[in-house]
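Read through the structure below, which is laid out as structure tokens, and then see the notes.
The values are calculated or read from the model by the stated rules, or taken from the named source; none is laboratory data. All values derive from a computational prediction rather than experimental measurement. Cβ placement follows ideal geometry from the backbone for every residue including glycine, while neighbour counts extend to all protein chains displayed. Just the protein is used for accessible areas: all its heavy atoms, side chains included, with ligands, DNA and RNA removed. Shrake-Rupley method; radii C 1.70, N 1.55, O 1.52, S 1.80 Å.
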Amino acid sequence: AVQSLVDDLRAEAERDRPTEETPEVGIVMGSDSDLPVMDGAYDALTELGFEEVTDDDDPPEARFTFETYVVSAHRTPNLMYAYAETARERGLDVLIAGAGGKSADLPNMTASIAYPLPVIGVPVQEKSVSSVIGMPTGAPLVAVDAGKSFNAALSAVQVLARAHPELETRLEAYHEALQDGVGTVSRELHER
Ligand code: RP5
């Protein structure tokens with residue numbers, strides 16, 4: 001199964017897919033046990049109108065899409081390599097890479113291999129923070145705090161928004177919605 005995924009990624013990188021069709025954002029995580037944490041990125045992207053594309057054949061309706069892969073640096077290194085190496089040719093614009101454990105190497109290696117594609121690293125656990133942020137000079141990886149995959153996705157959309165004003169509008173609308181309820185404490189809050 002891993003080899004066929006590797007072959008598919010490489011074949012896809014060879015194909016000239018129309019840019020409208022390829023997802024803009026790729027989410028990768030080291031294990032499906034990371035899903036509960038990485039779901040925050042899914043929530044943020046869908047909140048901003050992105051649609052997840054899966055391997056079924058239905059074409060997405062949304063203009064902006066993302067894909068999600070479980071790729072392990074240690075258990076499927078060839079797949080990690082293939083995914084990161086082909087990301088740009090496949091048409092992805094930014095990756096969100098999460099991993100946990102003490103040697104959370106997927107974000108770092110994905111950033112190194114996919115360079116110069118921007119990668120945003122998500123330490124899935126507190127103990128993963130130092131291994132995710134500890135990149136050498138010249139091999140950049142922007143990282144968020146442990147578990148903050150929602151913010152990683154917002155940052156990914158901020159990167160895209162520079163070339164897509166409609167995403168900037170969505171980010172501003174989302175930010176305004178966050179402001180609601182800030183300011184004077186409303187009477188009903190007191191009465192809770
Ligand atoms: C990392 O090891 C994964 O990202 C995960 O956070 C951790 C444990 O993986 P499992 O043993 O739960 O598959 O590679």
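Being surrounded by 15 or more Cβ atoms within 10 Å (Cβ to Cβ), within 15 Å of the chain's Cα centre (by Cα) and more than 23 Å from residue 45 (Cα to Cα), is that true of even one residue in the range 92-110?
Within the range 92-110, one or more residues are surrounded by 15 or more Cβ atoms within 10 Å (Cβ to Cβ), within 15 Å of the chain's Cα centre (by Cα) and more than 23 Å from residue 45 (Cα to Cα).
Quick one: in the range 116-146, which of the residues that are hydroxyl-bearing (Ser, Thr, Tyr) and not in a loop (DSSP other than H, G, I, E, B) is surrounded by the most Cβ atoms within 10 Å (Cβ to Cβ)?
128
Of the conditions (1) in contact (Cβ under 8 Å) with a residue 24 or more places away in the chain; (2) open to solvent by 10 Å² or more (accessible area, probe 1.4 Å); (3) out of contact with any Leu (no Cβ under 8 Å at 6 or more places or on another chain); (4) not in a helix (DSSP H, G or I), residue 113 clears all except one; give me its number.
Here residue 113 clears every test but (4).
Does residue 112 satisfy the condition of being of a type in the set (Ser, Thr, Tyr), farther than 22 Å from residue 157 by Cβ and within 16 Å of the ligand (Cβ to nearest atom)?
no
Test residue 122 against the criterion of being over 12 Å from the mean Cα position of the chain (by Cα), among the β-branched types (Val, Ile, Thr) and within 15 Å of the ligand (Cβ to nearest atom), and give yes or no.
no
Please list, ordered by residue number, the helices (runs of 4 or more DSSP H) wholly in the range 1-104 having 3 or more residues that are aliphatic (A, V, I, L, M), within 16 Å of the ligand (Cβ to nearest atom) and at pLDDT 95 or above.
Fully inside the range 1-104 and qualifying: 35-47, 77-90.
Within the range 63-85, track down each residue that is over 29 Å from residue 130 (Cβ atoms) and open to solvent by less than 40 Å² (accessible area, probe 1.4 Å).
Once the filter is applied, which keeps residues that are over 29 Å from residue 130 (Cβ atoms) and open to solvent by less than 40 Å² (accessible area, probe 1.4 Å), the range 63-85 yields 64, 65.
Residue 60 versus (1) free of Cβ contacts under 8 Å to residues at least 12 places away in the same chain; (2) open to solvent by 70 Å² or more (accessible area, probe 1.4 Å): which is the lone unmet condition?
(2)
Residues in the range 151-173: is at least one within 30 Å of residue 100 (Cβ to Cβ), open to solvent by less than 60 Å² (accessible area, probe 1.4 Å), modelled with pLDDT under 95 and of a type outside the set (Asp, Glu)?
no
Under 8 Å between Cβ atoms, at least 6 apart or on separate chains: pull out the pairs that start in the range 31-47 with a residue that is over 17 Å from residue 104 (Cβ atoms) and end on any residue that is open to solvent by 70 Å² or more (accessible area, probe 1.4 Å) and part of a helix (DSSP H, G or I).
Final answer for the pair search is 44/151.
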